[in-house]
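Here the structure is laid out as structure tokens; the discussion comes afterwards.
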Amino acid sequence: MKRTTILFLSILLGIISLTGCPGSRSVRERADKRNLTYGMSVQAGDVLDPDTISILEDNFNLLVPENTMKWVNIRPTKGFWNWSDMDNMVAFAQKRKMRMKGHTFVWHQQNPPYVYSLKTREEAIALLTDQITSVMTRYKGKIYEYDVCNEVLNEDGTMRDTIWYKTIGPDYLDIAFRTARAADPDARLILNDYSNEYAGTPKADGFYALAKDLKDRGVPIDGVGLQMHLMAQDPVSEEALLENVRRFGDLGLFVSFTEIDVRVANPLTAEKEAEQIDAYSKLMEIALGEKNAGSFIMWGFSDKRSWIPRAFPGFGFAHLYDQNDKPKPVYFRLKDIISGKKAK
Ligand code: XIL
């Protein structure tokens, strides 16, 4: 071999050993490279468990607390803030240069009794603004985006009659978003909901109208969340989803897929698994392909610890990892797509 060839090969080997060859890149590195926010919801204990930690480190660049930041957990009584679990998660994410997302302030579920017993507009505004300001001030610059308001609509696209609606009135959304913007002007603020993915359905159209109204009136909203709790048996309607994503883009809003899971009716069959893989793949292609999208966040990573069988009896197998926390075919399919291989 010529001396120059040997020199070239040794330089190449040196570069490969320093940077890792492309094939050995972790999914997280591949996602970073594609500018994809690839996220996962976590429970407080997940960031303390060595096996889970390595799954999180190797795969995701954003974490969202599945329950830890919800009102009942972070402030179980009015005078007691339970910061420690959230502090741990935020520190965990920071140490690994992962983004952290906050979920959620305004919601009709998982609130403590003192929230449900609010009576007057004044006391409700005082408590809501205190909650938002306290959390966002503590994590200023450390939490990248928040689901400020969650699930505010009924299935027909009208406003849900929640404690916030009853006590404050419809402008609770304005108050929540304005308070959030003031508390941390750099955080991205999201309006989040489910069954809002397909343009032309009553809830999605109501959700669009609400987001547009907020935006038109100058309420500080940056993006919308489509939760995407889907069923494998319902094929993803790409056309209606794209139409929806793009109409938010026209308003200057980004679209995040915020709580993806694709549940399968028991028992699992090869055919149903193929449908599920197809659904996940289509969402990923759209997340990567649309200029105002780019966030693919999943709601739980393994079938072993899933919220699905409790919430939807008769369903399961909704996530990327199985009952033994081992990656399933859908995991590898998404990895391929993130790596730039087209879906079959
Ligand atoms: C779910 C959690 O996953 C469960 O562990 C908990 O028991 C109930 O809430 N929409 C949301 C999430 O915005 O906060 C919900 O999370 C799932 C539906």
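Within the range 110-124, being outside any loop (DSSP other than H, G, I, E, B) and in contact (Cβ under 8 Å) with a residue 24 or more places away in the chain holds for Tyr114, Val115, Tyr116, Arg121, Glu123, Ala124.
Annotation: Pro170 fulfils all but one of (1) open to solvent by 20 Å² or more (accessible area, probe 1.4 Å); (2) in contact (Cβ under 8 Å) with a residue 40 or more places away in the chain; the unmet one is (2).
Results for (1) of a type in the set (Val, Ile, Thr); (2) in contact (Cβ under 8 Å) with a residue 40 or more places away in the chain; (3) within 16 Å of the ligand (Cβ to nearest atom), shown as yes or no for each residue.
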| residue | (1), (2), (3) |
| --- | --- |
| Tyr144 | no, yes, no |
| Val148 | yes, yes, yes |
| Val152 | yes, yes, yes |
| Asp186 | no, yes, no |
| Thr201 | yes, no, no |
| Phe207 | no, yes, yes |
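Just one of the listed residues (Leu288, Leu210) is open to solvent by 10 Å² or more (accessible area, probe 1.4 Å) and within 23 Å of Leu63 (Cβ to Cβ), namely Leu288.
Provide a single number: the residues in the range 236-271 that are more than 27 Å from Asp222 (Cβ to Cβ), of a type outside the set (A, V, I, L, M, F, W, C) and either under 18 Å from the mean Cα position of the chain (by Cα) or outside any helix (DSSP H, G or I) (or both).
Within the range 236-271, the first condition is being more than 27 Å from Asp222 (Cβ to Cβ), and the residues that meet it are 263-271.
Subset that is of a type outside the set (A, V, I, L, M, F, W, C): 263, 266-267, 269, 271.
Retained after the next criterion (residues that are either under 18 Å from the mean Cα position of the chain (by Cα) or outside any helix (DSSP H, G or I) (or both)): 263, 266-267, 269.
Looking only at that region, the number is 4.
Can you name every residue in the range 291-308 that is open to solvent by 30 Å² or more (accessible area, probe 1.4 Å) and away from the ligand (no atom under 16 Å from the Cβ)? Of everything in the range 291-308, just one residue is open to solvent by 30 Å² or more (accessible area, probe 1.4 Å) and away from the ligand (no atom under 16 Å from the Cβ), namely Lys291.
Checked against (1) over 25 Å from Phe207 (Cα atoms); (2) assigned to a loop (DSSP other than H, G, I, E, B), Ala274 meets all criteria but (2).
Hey, can you tell me all the residues within the range 309-334 that are small (Gly, Ala, Ser) and either within 16 Å of the ligand (Cβ to nearest atom) or open to solvent by less than 10 Å² (accessible area, probe 1.4 Å) (or both)?
Initially, the range 309-334 is screened for residues small (Gly, Ala, Ser), giving 311, 314, 316, 318.
Ala311, Gly316, Ala318, listed by residue number.
Among the residues making up the range 21-78, a single one is open to solvent by less than 60 Å² (accessible area, probe 1.4 Å), over 19 Å from Tyr139 (Cα atoms), charged (D, E, K, R) and not in a helix (DSSP H, G or I): Asp49.
Restricting attention to the range 16-41, the residues that are modelled with pLDDT under 95 and within 29 Å of Met89 (Cα to Cα) total 4.
Tally up the residues in the range 220-248 that are away from the ligand (no atom under 16 Å from the Cβ), under 22 Å from Asp186 (Cβ atoms) and open to solvent by less than 30 Å² (accessible area, probe 1.4 Å), please.
Going through the range 220-248, the residues away from the ligand (no atom under 16 Å from the Cβ) turn out to be 220-222, 232-248.
Retained after the next criterion (residues that are under 22 Å from Asp186 (Cβ atoms)): 220-222, 248.
Among the residues that remain, those that are also open to solvent by less than 30 Å² (accessible area, probe 1.4 Å) are: 220-221, 248.
So the count comes out to 3.
Looking only at the range 249-262, how many residues end up being farther than 17 Å from Gly206 by Cα and away from the ligand (no atom under 16 Å from the Cβ)? Reasoning before the result, please.
Of all residues in the range 249-262, those farther than 17 Å from Gly206 by Cα come to 252, 254, 256-262.
Retained after the next criterion (residues that are away from the ligand (no atom under 16 Å from the Cβ)): 252, 254.
Number of matching residues: 2.
Residue count for the range 173-194, restricted to those that are surrounded by fewer than 19 Cβ atoms within 10 Å (Cβ to Cβ) and of a type outside the set (D, E, K, R): 2. Return a yes/no flag: does the range 158-179 have any residue that is on the phi > 0 side of the Ramachandran plot, among the polar types (S, T, N, Q) and within 16 Å of the ligand (Cβ to nearest atom). So far as the range 158-179 goes, no, none of its residues is on the phi > 0 side of the Ramachandran plot, among the polar types (S, T, N, Q) and within 16 Å of the ligand (Cβ to nearest atom).
The values are calculated or read from the model by the stated rules, or taken from the named source; none is laboratory data. All values derive from a computational prediction rather than experimental measurement. For neighbour counting, all protein chains shown are included, and Cβ atoms are generated from backbone atoms with ideal geometry for every residue, glycine included. Note: accessible area is taken over every heavy atom of the protein model, side chains too, but ligands, DNA and RNA are not part of it. Shrake-Rupley method; radii C 1.70, N 1.55, O 1.52, S 1.80 Å.
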